[in-house]
Every structure is written in structure tokens, then in C-alpha cells.
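Below: one structure, written as C-alpha cells.
The values are calculated or read from the model by the stated rules, or taken from the named source; none is laboratory data. Keep in mind the model is a prediction, meaning the values are calculated, not measured. When we count neighbours, we look across all protein chains shown, and the Cβ atoms used for this are built from the backbone with ideal geometry, even at glycine. The area values use the complete protein model at the heavy-atom level, side chains included, leaving out ligands, DNA and RNA. Shrake-Rupley method; radii C 1.70, N 1.55, O 1.52, S 1.80 Å.
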Protein chains: 2
Amino acid sequence: MKRFFSKKEGMSTLAKIWEDHLRARGYRLTKARRAVLETMASETGHRTPEEIHRQARWRYRKLGLVTVYRTLALLERLNLVQRVHQGKMRCHSFAAVRLEKGHHHQLICRTCGHVEEFPDCALDRTLRKLQARTGFAIESHHLEVVGQCPKCQ
Amino acid sequence: MKRFFSKKEGMSTLAKIWEDHLRARGYRLTKARRAVLETMASETGHRTPEEIHRQARWRYRKLGLVTVYRTLALLERLNLVQRVHQGKMRCHSFAAVRLEKGHHHQLICRTCGHVEEFPDCALDRTLRKLQARTGFAIESHHLEVVGQCPKCQ
DNA sequence: TTTGTTATTGAAAATAGATTTCATTTAGCG
DNA sequence: CGCTAAATGAAATCTATTTTCAATAACAAA
């Protein structure tokens, strides 16, 4: 996972911007929040609340897991952080997908939750190259696109 | 969600193939399993175990949710069904992703769980077209590629 | 600085989703 | 039919997430 700023450099520019954002909206800047903010701002990539908690405790030992959940919810409301998936497992059938020529993916509205399916994502060539380069035997892929639907804009 | 076969048509070809698959491996074909099999084979698209249960009960009223979980696990072991995500929420920061030129995605080994990151998924053009066609203001996307890593093959 | 107000916190309780246990049922065989 | 082991449903358990609540600490005003 790529790190933008080493721990020694302290807070990233991004985390500073977020702090201003919170202050401007009247939220208090606590040690707990700073720890989560800086942790979230320091890496791309998805992490579970537990992983975030483990990382953020290097910045503030007393941080509780509950506060991580709450801070993530706050950052999500402010559109600074996004939940890439909910806490529910989801299944689909390989074969049913293969029966269609070019399968479908999901376009999800972040505001109203409306889901639109769209076909053929034109990834085949990219995936073939990826397979050649990494040696993985690629079996399936899953693409989720998030945005705002026309009604909610 | 597209349906391949109407309910009146009864069992789909795909479901029949799956039944043979189970029989060949010595698994028993119960009403409960048939109901889940036919339900999974009848649609593409991700569903939660609860949704699958609700749908499958139209085929077999007495079906329990636990059996849905168990049957999905079985179908997964036989590589007929795939879990597109686990029961844990995952978050990432929009802004951190935007700071990088071309962001990273994940290549996951279904057997050992090894995760490899890869850059730039060449989706930009597709997404621009999608935005134009649907009117969605696209904000982010998330791509997960599943396969078997070289060691596990 | 010190003080007072109130948002925020952590711990524990409550809830929800997924898995395991176990007594009962039933598919598939003779 | 009957037998037997595999499969089921209900309840118990486990794990992830959310809510509750008394204690704490941020920060505005003195």
C-alpha cells in the first residue's frame, strides 16, 4: 500500500485540509479524530475499520474501535471517505454471468442508492495483459461505479 | 435484474447442469438445494443470502436461511458461485485516491487470499461514455479482480 | 490562564449477520 | 417399504456494527 507521507513527516497536507473542513463545520478536533483522519489520509486502498483502528492507534494509543466507526461515518457524511462495500456478503453465479455476452456491472447512486446495471466494461484487453504480466489465472472481476444519479445532483 | 428463464418454464438448463454436477460428486439433491440452485442460476447480479432466501422460498416454502448459507458455500467450493465480497465493510478516502495519477486496484487470489495491487485500469474512456449516456455524475469506481496466483495454480 | 458548556469519547449493552451444533428429517439405496 | 448417512431447520454461538450512557476533554468566554 503506497504511503504518501512518512510517519516522521507528521500530518499530511490532505489531513490538514480535512481538519479545516471539520473546524469550519463546527466539529471539534480531538486526538481521536486526528488519529483517524491522518490514518485515512495517509494511504489509498480499502481498509476495514479494524485495520484502520490498528494503524491509527500508533498515533493515539487510547483510541477505541467505536470511535473509528463513528469518525468514518462522519467523514463519509462530509464526502471525504467512501464505503466501498457494506458489511454483507454478496454472491453471484459465474456461469450465469458467462452465459451472457459481456456481463453487467453496477452504477450506484451514493445519495439515493439507486442501482443501474450496465453491460460490457471493455476490460478484456487490460485483464489479458494483467494475466500475462502477473501470472495470475484470472477468473472473474467485479466493477462498481459510484456517483450521483441525475435526480440527486 | 435480467432473468434468463421465466418461473413457469421451470428449471433452467444451467440449473440442470449444476444438478448433474452435484449428483456426479455424490451430493444429494434435496428440495432445499434445488430451490437455491434454480434461484442462483436464474439471474446474474449479486444478491445477499437474505435476498436469495426470499426468492428461493417461492420454489420451496420451508427453506431455511441457514441452508441458503450452506448451499452457497457448497456451490462456492464447486466453483459455480462466487462471493463478490465478504461480510466486512471497507472504506477508502476519495481524495487520497485522486492525489495519485491513475489509482490502484486489487488482484486477489481466491485460494490463498494474497492481494496484489495494480495501477491504472484503463477505464477512463468507458466511464466518460457511461457518464454521458446515463447522466450520472461519476465520482469513483472500484475494481476487484479474482483469480489464482502463480503459486496456487 | 481558569472555568463552564456541551460535543465527543470509551466501555458495555444491544442488534444484526454469519456460522456451528444437534436432534430430526429425508434422499437414495437395496 | 425400510435403512442409513447426508442434509435440514431451530437454537445457540460467534463476530461485526450500532446504540446507550456516564465520564472526559475541546474550546469559547471570562
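Structure summary
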item	result
Subset of A:K88/B:K62; A:K62/B:K88; A:K88/B:K129 violating a 26 Å alpha-carbon distance limit	A:K88/B:K129
Other protein chain Cβ atoms within 10 Å, averaged over every residue that makes up B:21-33	0
Averaged over B:125-131, number of beta-carbon atoms from partner chains that fall within 10 Å	4
Average beta carbon contacts from partner chains per residue of A:74-82, 10 Å cutoff	3
Using a 7 Å Cα-to-Cβ projection, B:T30 label spacings across copies, nm, ascending	4.9
Relative packing of A:20-27, B:83-90, which averages over residues the other C-beta atoms within 10 Å, highest first	B:83-90, A:20-27
Cα-only radius of gyration and Dmax that characterise the stretch B:13-77, units Å	10.8, 29
Contact surface B-A: accessible area buried, both sides summed, square angstrom, 1.4 angstrom probe	6900
Ascending list, in nanometres, of distances separating the B:G135 label from those of the other copies (7 Å, Cα toward Cβ)	5.0
Per residue solvent-accessible surface (Å²) - the stretch A:22-99, probe of 1.4 Å	51
For B:C152, inter-copy label distances in nm, listed shortest first [label point 7 Å out on the Cα-Cβ vector]	3.3
